Structure formats: C-alpha cells, structure tokens
Amino acid sequence: MTLITDVRLRRILDSRGNPTVEADVVTESGGFGRAAAPSGASTGEYEAVERPPTEAIAAAREHAVPRLVGEAYAGNQREVDAILHAADGTDDFSEIGANSAVAISMAAAKAGADVLGAPLFQHLGGAFRGENFPVPLGNVVGGGEHAADATDIQEFLAAPVGAPSVEDAVFANAAVHDAVADLLEERGVPSGKGDEGAWAPSIDDGEAFEIVAEAVSLVEDDVGFNIGFGLDVAAAEMYDDESETYEYESAGVSRDTDEQIEYIADLVDEYDLVYVEDPLDENDYDAFADLTDAVGDQTLICGDDLFVTNTGRLIDGIDRGAANSILIKPNQIGTLSDAFDAIELATENGYDSVISHRSGETEDTTIAHLAVATDAPYIKTGAVGGERTAKLNELIRIADDAT
Ligand SMILES: C=C(OP(=O)(O)O)C(=O)O
Ligand SMILES: [Mg+2]
C-alpha cells in the first residue's frame, strides 16, 4: 500500500526569496506527501551539505529517485532514509544534497501518514503521542547573520514556560513581539525585521536585554503565567579564529574565551535566562563544558552549530559534559531517521531536545509534528511571519485534534 510509485522534485521559493527544494512522494494506493527543505544563514561548519537546488534536484533524480520508485515503502521511514544515504554515497550528503534528501525524507513520512489516515505526528511517534506539547521559543529581537546593523547576539527568545497550553504560549510570544515594538517606539528606535520576523533594531545587546526583559515582564503581568527568556548567541559567527576572541561589533567589545564564559554566566544570573544556545564557538567543547559546569543547573545550554544534529558530535559532547540540550534541525543531518537518532540519544543522556526551524523557511509544518512525535520539551520556530506561524498554528491544530 505504501510502495512509492513517484517522487517529484522542484524548485520553490523560501522565505528569503531564495530557491529551495520541494519533494512530492506518491504511493501505490494514492498516498501523497509534500515537503520542502529549509535553509540556514548562520550555518554550522559541520552540517550536511546543502547544494544549489538545481544541482541537488538533478543529482537526486539521477541517484535517489530510481532507487525509491517501485522499490521502497513510504511507511518504512528507516528504509527510505537508508536508501537516501546509499544513493548519496557520502557521509555528508554532498552528492544529492541534504536539501534534496531532507525534502524527500519528510515527504515520504507525510505520504506514509496519508496512507494510514493518521496525522504525521502519530505516524512518526505512535498512538500515545499528542498529549504533550513543546514550549515554543519565540524570536522577538535579533541580529547576527539574520539582519544587517542590528544586535550582535543573533536571537532574543521569549520562553513562555508557565503557559497552561500551547495556544496560550504561542499567543504570549506574539504579545511579547508586539510589546517590543511599543517599547522601541517609546524609545524612538526605528526597526525593520530580520529573516525570522524578529525586530532588528540598530541597538546594542545591552539595550536589547533591557527592552526584552521589560516586554516579557509586561506580558507576564497581563497573561498571569511565567514567561522567561533566552538567547541564541550564535557565537561561532562572532568568533575570530586568529585573535581567539568573540567580537561584539555593535558594542565595540572583544572578549577572550574566559571572558565570554563569565559574560554569559553573568547574563544567566542577571536575567534568569532559561535557555542559551551556542554561547561559545562550535569547535570549543571544553569552553562549553566550563560554562555548563558553571550554570547548567540553572539554564539550558544548547548546542546548535556545536552538534549539528549529528550523533557523532553529540556523543563527543556528552562525553565531555559540553551541554545539557541539543538543537534539532533535520536539514543539518539530511533525514528524519538521523534526526530521530539524535533526539533518542539526547533523551537517553538527559539532554533536552529543541526542534528548530531555519532562518530560511517555507510553509512546511513537519517540525511541529516532529516535536509532538518525539515529546520534545521545546520548539524554536519564530513568533510571527507566515512561514513561522505555519508551524505555530499547526501546533494549535494538533492540540485541537484538527490536523
Ligand atoms: C535558526 C537558526 O539560524 P540559521 O537557520 O540561520 O542557522 C539558528 O542559528 O538557530
Ligand atoms: Mg542557532
């Protein structure tokens, strides 16, 4: 019933207006799945390879599609993903492109769910999933690689950890985003938005901390539940290999590794941060471990560029005590099976998984289902903007049993 009878690939637009890969998977009984690859801007050095979409599509048509059509079952995700690896033949998807691989992998999962008549989260996670929902981390102010002339820290994230429902949490993040706009206006600071829909004002990180802390507190008073906030420092982007310093250009400050650890630990204390992603360079497991040692009992220290959803890198991190959380981006590793393996390994070792969008996104909602399917405690998928609300609204629908 789920035998794959057709795989179609095409270029579509992502949210930045760049081309990306979309895949359709059709099965013998008429099951259908469609999915699209997202794309990063502050990509990790060790991510699977994203090829230019035209090349990725041509290579996948030549090497992967013939091995899938009439051969593989969409309901058997492990088989589909093993075929994608075999068709590619490299360890980083540099032949067919992780963009083609992840689009096909996710489209096959959706086709498998379609045949079963089950929501995707249930096909991926089983009959007992759908009760727990992730806390959405909502990007409300940002800069780094996602906006020109804005904060050095890439993302200031609202974290409605006390929300009674996912719906309340999603609306709280949108309210914090809105409150930030009011506070910027009061201060006479003009602002556009960055790639993920966060405000991207030309202010330094210190002012952003003041504004986000105030916005969170205002909304907290309004909604009556606890809202924390967190950061994606994306420190690899500000790390200078030659001088071995972190360069905060908008503040005109340079910090060596020890100073960076101290700075982040102080921020965790001062703002009661609930989440800190990539506070140090992606090659510095030891510095990550020192910070985790210092504040890991107070907050989540999450590896994104550090782990790139890769079990090999996660094992190194676990061995060294580098973090207590991992960001999961399926396109960093190329297939849903690999992403599941990383989540499972993380859970077994007491690491929280944070399922994440990319800065370049589409309307695809797979990550909302992935988060529910794996019982992930957090999802990071923006606060506003159509490609972001696509996932947030899908979470609300899943909770309402309406997918
Ligand atoms: C979502 C992120 O940005 P990008 O997709 O640009 O890597 C991130 O760094 O967590
Ligand atoms: Mg990140």
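Given the options ASP297, ASP286, name the one that is away from ligand 1 (no atom under 16 Å from the Cβ) and touching a residue at least 12 places away in the same chain (Cβ under 8 Å).
Every option except ASP286 fails the conditions.
Among the residues of segment 97-123, which ones are open to solvent by 30 Å² or more (accessible area, probe 1.4 Å) and assigned to a helix (DSSP H, G or I)?
If the condition is that a residue be open to solvent by 30 Å² or more (accessible area, probe 1.4 Å) and assigned to a helix (DSSP H, G or I), then LYS110, ASP114, VAL115, LEU116, GLN122, HIS123 are the ones that fit.
Name the one entry in VAL141, VAL180, VAL189 that is among the β-branched types (Val, Ile, Thr) and within 21 Å of the chain's Cα centre (by Cα).
None of the others qualify; the one that does is VAL141.
When segment 130-149 is examined, which residues are found to be open to solvent by less than 10 Å² (accessible area, probe 1.4 Å) and either in contact with a Cys (Cβ under 8 Å, 6 or more places away or on another chain) or within 15 Å of ligand 1 (Cβ to nearest atom) (or both)?
The answer is PRO136, LEU137, GLY138, ASN139, VAL140, VAL141, GLY142, GLY143.
I'm told ASP258 meets every condition in (1) over 26 Å from GLY312 (Cβ atoms); (2) within 16 Å of ligand 1 (Cβ to nearest atom) except one. Can you identify the failing condition by its number?
(2)
Can you tell me which residues in segment 197-213 are over 26 Å from ASP14 (Cβ atoms) and either in a helix (DSSP H, G or I) or open to solvent by 40 Å² or more (accessible area, probe 1.4 Å) (or both)?
Residues satisfying the conditions are ASP204, ASP205, GLY206, GLU207, ALA208, PHE209, GLU210, ILE211, VAL212, ALA213.
Given the conditions (1) away from ligand 2 (no atom under 16 Å from the Cβ); (2) under 23 Å from ARG16 (Cβ atoms); (3) open to solvent by 10 Å² or more (accessible area, probe 1.4 Å), report the number of the one that ASP178 does not fulfil.
Checking ASP178 against (1) away from ligand 2 (no atom under 16 Å from the Cβ); (2) under 23 Å from ARG16 (Cβ atoms); (3) open to solvent by 10 Å² or more (accessible area, probe 1.4 Å), the one that fails is (2).
Working carefully through the options SER359, SER353, find the one that is away from ligand 1 (no atom under 13 Å from the Cβ), within 20 Å of PHE229 (Cα to Cα) and either among the charged types (D, E, K, R) or open to solvent by less than 10 Å² (accessible area, probe 1.4 Å) (or both).
Result of the check over SER359, SER353: SER353.
Might you let me know whether segment 252-260 holds any residue that is touching a Lys or Arg at 6+ places or on another chain (Cβ under 9 Å) and either modelled with pLDDT of 95 or more or in the same structural domain as GLU214 (by TED's automatic domain parsing) (or both)?
No - not one qualifying residue is present in segment 252-260.
Looking at (1) over 21 Å from the mean Cα position of the chain (by Cα); (2) outside the structural domain of THR366 (by TED's automatic domain parsing), can you tell me which one ASP149 breaks?
The number of the failed condition is (2).
Which condition number does THR292 fail, the rest of (1) touching a residue at least 24 places away in the same chain (Cβ under 8 Å); (2) farther than 22 Å from ALA158 by Cα; (3) of a type outside the set (Asp, Glu) being met?
Answer for THR292: the failing condition is (2).
Look at segment 147-196 and say how many of its residues are in a helix (DSSP H, G or I), more than 16 Å from THR389 (Cα to Cα) and charged (D, E, K, R).
Of the residues in segment 147-196, 3 are in a helix (DSSP H, G or I), more than 16 Å from THR389 (Cα to Cα) and charged (D, E, K, R).
Exactly one of (1) under 30 Å from ALA179 (Cα atoms); (2) outside any helix (DSSP H, G or I); (3) open to solvent by 10 Å² or more (accessible area, probe 1.4 Å) is unmet by SER94. Its number?
(1) is the only condition that SER94 fails.
Looking for whichever is under 23 Å from LYS380 (Cα atoms) and either out of contact with any His (no Cβ under 9 Å at 6 or more places or on another chain) or crowded, with 24+ Cβ neighbours inside 10 Å (or both) here; the options are ALA37, ALA74, ALA23, ALA59. Which one fits?
Step by step, each of ALA37, ALA74, ALA23, ALA59 is checked, and only ALA37 is under 23 Å from LYS380 (Cα atoms) and either out of contact with any His (no Cβ under 9 Å at 6 or more places or on another chain) or crowded, with 24+ Cβ neighbours inside 10 Å (or both).
For segment 250-340, give me every one of the strands (runs of 3 or more DSSP E) that falls completely inside it and has 3 or more residues that are open to solvent by 40 Å² or more (accessible area, probe 1.4 Å).
253-256
Yes or no, residue by residue, for (1) modelled with pLDDT under 95; (2) part of a strand (DSSP E or B); (3) away from ligand 2 (no atom under 16 Å from the Cβ):
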residue: THR20; (1), (2), (3): no, yes, yes
residue: VAL25; (1), (2), (3): no, yes, yes
residue: GLY30; (1), (2), (3): no, no, yes
residue: ALA35; (1), (2), (3): no, yes, yes
residue: THR43; (1), (2), (3): no, no, no
residue: TYR46; (1), (2), (3): no, no, no
residue: VAL49; (1), (2), (3): no, no, yes
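Filtering segment 215-233 down to residues that are acidic (Asp, Glu) and surrounded by 15 or more Cβ atoms within 10 Å (Cβ to Cβ), which residue is nearest to the chain's Cα centre (by Cα)?
Within segment 215-233, the match that is nearest to the chain's Cα centre (by Cα) is ASP232.
The values are calculated or read from the model by the stated rules, or taken from the named source; none is laboratory data. Since this is a predicted model, take the numbers as computed values, not measurements. Glycine also receives a Cβ, built like all others from the backbone with ideal geometry; neighbour counts cover every protein chain displayed. When the accessible area is computed, the model is the full protein with side chains, heavy atoms only, and any ligands, DNA or RNA have been set aside. Shrake-Rupley method; radii C 1.70, N 1.55, O 1.52, S 1.80 Å.
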